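Colleague: One structure coming up, written as structure tokens, with questions to follow.
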Amino acid sequence: MDRCQLIQTALLSSDEEVRLSGLQSLYRYDGEERLELVCAALGDGSWRMRKEAINLFLSLPRAVDSAGRIVPLLYDQDNAGLRNAAAEILVRLGSAVLPVLLHAADSPDPDVRKFILDILGDIGDRQATPLLLRLLQNDTAINVRAAAAENLGKIRDGSAVPVMV
């Protein structure tokens, strides 16, 4: 069995410590499967595994370039831990992933649009203001409009005040 297969087997173990050890071995593994394995671990049922997978993803040399791989995880309606892990990664990557987030905000899924707005609010970059204002005024989903207003408040961009009054 090659190294990648050993890691995959460990990540599928019912023993959390074995899974955690397998995940930690990915810090020293640079095979092309690494990103896929880390993303799979983001959905693990254990918060310890998810936290380690978040830290591992953020340590990758091309973490910002791989942000587009994280956005689709926000669509998983059955795994809140996975969605929360994906959101945490995107927030921690910060302004560097604004282009990916601004593009993803056009999702047909209102829940994903809301998640994106919450992430943008947590990042706090004023470059997101035009998008938030557009969704505040035009989105068909009330929860998305409410999230736009809330996150405009987090960003504290004075240029939004006239629209919100």
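The values are calculated or read from the model by the stated rules, or taken from the named source; none is laboratory data. The structure displayed is predicted, hence computed values, not measured ones. Here the Cβ is made from the backbone with ideal geometry for all residues, glycine too, and neighbour counts use every protein chain on show. Side chains are part of the model used for accessible areas, which takes the heavy atoms of the whole protein and leaves out ligands, DNA and RNA. Shrake-Rupley method; radii C 1.70, N 1.55, O 1.52, S 1.80 Å.
Colleague: Give me the pairs, please: first residue somewhere in the stretch 32-59 and touching a residue at least 12 places away in the same chain (Cβ under 8 Å) and within 20 Å of Arg3 (Cβ to Cβ), second residue anywhere and β-branched (Val, Ile, Thr) and surrounded by 20 or more Cβ atoms within 10 Å (Cβ to Cβ), beta-carbon distance under 6 Å, and either six or more positions apart or on two chains.
Modeller: Hits for this filter: Ala53/Val38; Leu56/Val38; Phe57/Val38; Phe57/Ile89.
Colleague: Which pairs turn up if I take residues in the stretch 14-30 that are farther than 14 Å from Ser46 by Cα and look for partners that are open to solvent by 90 Å² or more (accessible area, probe 1.4 Å) with beta carbon separation below 7 Å, at least 6 apart in sequence or on another chain?
Modeller: Tyr29/Arg3
Colleague: I'd like to check something: does the stretch 134-150 contain any residue that is small (Gly, Ala, Ser), modelled with pLDDT under 95 and out of contact with any helix residue (DSSP H, G or I) (no Cβ under 9 Å at 6 or more places or on another chain)?
Modeller: No.
Colleague: Which ones in the stretch 137-154 are open to solvent by 40 Å² or more (accessible area, probe 1.4 Å) and within 12 Å of Arg113 (Cα to Cα)?
Modeller: Result: Thr140, Ile142, Asn143, Arg145, Ala146.
Colleague: Under 8 Å by Cβ, and 6 or more places apart or on different chains, what pairs join a residue from the stretch 87-103 that is over 11 Å from Ser66 (Cβ atoms) with one that is surrounded by 15 or more Cβ atoms within 10 Å (Cβ to Cβ) and among the aromatic types (Phe, Trp, Tyr)?
Modeller: What qualifies is Ala87/Phe115.
Colleague: Yes or no: Arg113 of a type in the set (Lys, Arg) and either open to solvent by 60 Å² or more (accessible area, probe 1.4 Å) or in contact with an Asp or Glu (Cβ under 6 Å, 6 or more places away or on another chain) (or both)?
Modeller: Details: of a type in the set (Lys, Arg): yes; either open to solvent by 60 Å² or more (accessible area, probe 1.4 Å) or in contact with an Asp or Glu (Cβ under 6 Å, 6 or more places away or on another chain) (or both): no.
Considered against the rule, which asks whether it is of a type in the set (Lys, Arg) and either open to solvent by 60 Å² or more (accessible area, probe 1.4 Å) or in contact with an Asp or Glu (Cβ under 6 Å, 6 or more places away or on another chain) (or both), Arg113 comes out as no.
Colleague: Based on what the data block shows, is Arg69 modelled with pLDDT under 95 and under 23 Å from His103 (Cα atoms)?
Modeller: no
Colleague: Would it be correct to say that Val100 is within 10 Å of the chain's Cα centre (by Cα), farther than 17 Å from Leu35 by Cα and surrounded by fewer than 22 Cβ atoms within 10 Å (Cβ to Cβ)? Please lay out each step first, then the result.
Modeller: On the way: within 10 Å of the chain's Cα centre (by Cα): no; farther than 17 Å from Leu35 by Cα: yes; surrounded by fewer than 22 Cβ atoms within 10 Å (Cβ to Cβ): yes.
Criteria not met by Val100.
Colleague: Can you name the number of the only condition in (1) modelled with pLDDT of 95 or more; (2) loosely packed, with under 14 Cβ neighbours inside 10 Å; (3) β-branched (Val, Ile, Thr) that Val161 fails?
Modeller: So Val161 meets the others, but not (1).
Colleague: Output yes when any residue across the stretch 84-93 is in a helix (DSSP H, G or I) and surrounded by fewer than 14 Cβ atoms within 10 Å (Cβ to Cβ), and no when none is.
Modeller: No - not one qualifying residue is present in the stretch 84-93.
Colleague: Can you tell me which of (1) under 24 Å from Leu35 (Cα atoms); (2) among the hydrophobic types (A, V, I, L, M, F, W, C); (3) surrounded by fewer than 18 Cβ atoms within 10 Å (Cβ to Cβ) is the one Leu73 doesn't meet?
Modeller: It fails just one condition, (3).
Colleague: So, of the residues in the stretch 1-10 that are open to solvent by 30 Å² or more (accessible area, probe 1.4 Å) and in a helix (DSSP H, G or I), which turns out to be modelled with the lowest pLDDT?
Modeller: Arg3
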